[in-house]
């Protein structure tokens, strides 16, 4: 090698590869600030749980949708599997909800593995289309297999054992569990930002042919990303089930829910650490505010806002912050 | 010396088209092999087969003695086959450094080592100053270097370079040539596809010539450059049948009289010192040419010389950076593209660009959608159907169901529907069988006999020069030669422009 190698600490090189430790620092700062929410807004705890919980699930969605570039419009399947596995094990077998949630993760991973192995051979929009189909099928099965799921009547959780001495139906407890989940998802994302596996996923997102040409096996890596995304989403689903206390297949497996998760990530900025959090805050908080100030017209205004964001911040609101900071 | 790559009876079919036809090919360790051939010869397809981006239709591929015919692309990369893409495929939103890191991780799973190796490659490729820029912000020259750099991060045993020099300015090209030598000296074996003949003749130890998917010649640069088969492949075949049956559609014009319909009162197309560029890549540097009313003028030159770009600047599909394009008294360079069509300048684009889902007749009618020609569409339609009776028969058929030759006729017909005074044809014979090529050239002459001025861009140089009144030779964006068609046919300069000798 005739050239003297550039030092790894060379500034251009350092700037060229994402400064990982820093972003992890930001994650901790943001989570710490959020931890004060229940103290400051003690009257808006339900709203807070919803925002943080959806932020966690949207960030989980983003592992596949944003970092790997595979648009899923069927992630409600994992929300539903998480909620139902947990609830049914609690009701029918007397299993503790946290073990039920773990079982839900297992079930979601199995489903994602089969689903991914089949549909990731498809390129382009076909995975997205297939994801809608899978979610609808799951919803119909859950709706009609009444002996297992309770069918359209839904299930309700009358009481739950205490978790480490905490009441799981307390909004405050739910908030902090949701925050831990969000933390898990964001830390996972910050690892994707700079790890070998993360670069594989980003390369697949950017150009699959070129990714293969540098030795990446796209099908395998997409499936792995899908498994991680499904597992995290499923945890969120279990918590969502507890949060609601009562739910039915129509809500849990709905296309609406799937689209919402995707929309949050897009509005906030896909493939960014905090984009899904920003998106969840805006969409959940926004729809709440709109319901109060524009009764009856809130969905119209909501739609208008989404259009505005897409027009003026097509890369997500999170990137606007970055742009402003650069100027 | 050991064999790095060998293909046996390698074949690739696209539908009925044989893109790569039983190619037998072997490369020794440490060689630089140039792969050349006219457009559509199958060079990039061959690369796609070797790198695994496409599946073979039949035949076998061996890499270092091991069969890889059915191995997926990522396994071949792991084994040590690196490639660049002719249509560049960077990871646009990643930084340049990250683009290289992705590949570096393949050989160095440890992050520190991977960053170190990527930094080394970035330095060697002269991309260090762009390390933190996103790949999409690079110029074409920068992206081409990034393509090579990314392939190098794999420490490839075999490197496939697909047109990494074309489109670079002379200084950049020189730099890349130097770099390719350095890469070879470090032990890589290289196969390169390149249209810049000076480069490939200078770099290659051995050259393989593909034409219509087949390996037609092989040897040292000198042997290949003087091989008559190669010259024919590049310059087109001379069929030698001058007594062609005459056209049937313009009874008013005496047949066989080449210049009878010249109408000296029409407008003249004049380009004066035209410069044009795609983004940062300047393609036309100094193009001046004239097409007088009633003339048939051919514009010839190697791939990438700027022929299509010249036509595009006339049609105003591309902005003129400097210079003038005049048609009669009108400045085309200051007009919009539809105004240019309205003035009577039509273009039949390369690759035909038909509306595949529409019928033949619908395709034709789109050609006369402007105000000037709208009222005349029935008359024009009849004229086109007279010229191409086959199109009348198939007028209800979808354009996609036509054969290649018929599609070309349809594209020409669509151009005629705007009742042009000047018709520009871009590679009308490209990818057609020899008998159809003959027919296309006959049609071009018929059109000219109608009194329509023709500016013709052609790969098939011999045929084009034979029917042209005058011709221009373009090389690297500059007109280097002008003269009567038949005279240029004998010119050594034409051969030089095409073969770089």
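Please treat every number below as a calculation from the coordinates, not as lab data. A quick note: this is a predicted structure, and the numbers were derived from the prediction, not measured. So basically every Cβ, Gly included, is an ideal-geometry build from the backbone, and we count neighbours across all protein chains shown.
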Of all DSSP beta bridges located in the protein assembly as shown, what percent are antiparallel, nearest 5? 55
Evaluate Rg over Rh across the protein assembly as shown, taking Cα atoms for both radii and Kirkwood's formula for Rh. 1.05
Inter-part distance where region B:135-152 and region A:87-152 are each reduced to a Cα centre, Å: 43
For the protein assembly as shown, calculated [θ]222 nm from helices alone, where every DSSP H run of n ≥ 4 adds -39500 (n - 2.57): -15000 deg cm²/dmol
For chain B (alpha-carbon point model, no solvent) the Debye-based log₁₀ I(q)/I(0) at q = 0.10 Å⁻¹ works out to -0.84
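Counting other beta carbons within 10 Å of each residue's own, what order do A:242, B:122 fall into, fewest first?
A:242, B:122
So what is the relative contact order of chain A, in percent, for Cα pairs below 8 Å that sit 6 or more residues apart?
Relative contact order of chain A: 31 percent.
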Label-to-label distance, nm, for residues given as residue A:126 and residue B:334 (7 Å Cα→Cβ offset): 5.4
Rounded to whole angstroms and listed largest first, the alpha-carbon spread of region B:390-501 along its three principal axes comes to 49, 28, 24
Connecting C-alpha atoms closer than 10 Å in a GNM of chain A, tell me which of A:62, A:221, A:167 has the biggest fluctuation. A:167
Let me test this: with uniform point scatterers at the alpha carbons of region B:371-412, what is the Debye-based log₁₀ I(q)/I(0) at q = 0.16, 0.19 1/Å? -0.43, -0.59
Pick from A:72, A:195, A:131: which is most flexible by mean-square fluctuation in a GNM of chain A where alpha carbon atoms under 10 Å apart are linked? A:195
Ranked A:307, A:177, criterion: other C-beta atoms within 10 Å, fewest first: A:307, A:177
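Report, for chain B, the % of DSSP beta bridges that are antiparallel, rounded to 5. Don't skip to the answer; put the middle values down first.
Numbers: 42 of 76 bridges.
Looking only at bridges with both residues in chain B, the antiparallel portion is about 55 percent.
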More than 22 Å apart - percent of Cα-Cα pairs taken over region B:25-127: 44
Can you give me the angle between helix A:196-206 and the longest principal axis of chain A, using Cα atoms only, in degrees from 0 to 90, rounded to the nearest 10? 90
For region B:326-433, taking Cα atoms only, what is the radius of gyration to one decimal and the Dmax to the nearest whole Å? 13.8, 42
Viscosity 1.306 mPa s, temperature 10 °C: Stokes-Einstein D of region A:20-326 from its Kirkwood Cα radius, in µm² per second? 81
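Quick check: convex hull over the Cα atoms of region A:148-255, volume per residue in Å³, rounded to an integer?
Cα convex hull per residue, to the nearest whole number: 143 Å³.
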Could you identify which residue out of A:187, A:310, A:214 has the top mean-square fluctuation in a GNM of chain A using Cα springs shorter than 10 Å? A:214
For B:192, B:201, what's the fewest-to-most ordering of other Cβ within 10 Å of each Cβ? B:201, B:192
Using only Cα atoms, find the angle between the long axis of helix B:377-387 and the longest principal axis of chain B, and express it within 0 to 90 degrees, rounded to the nearest 10. 70
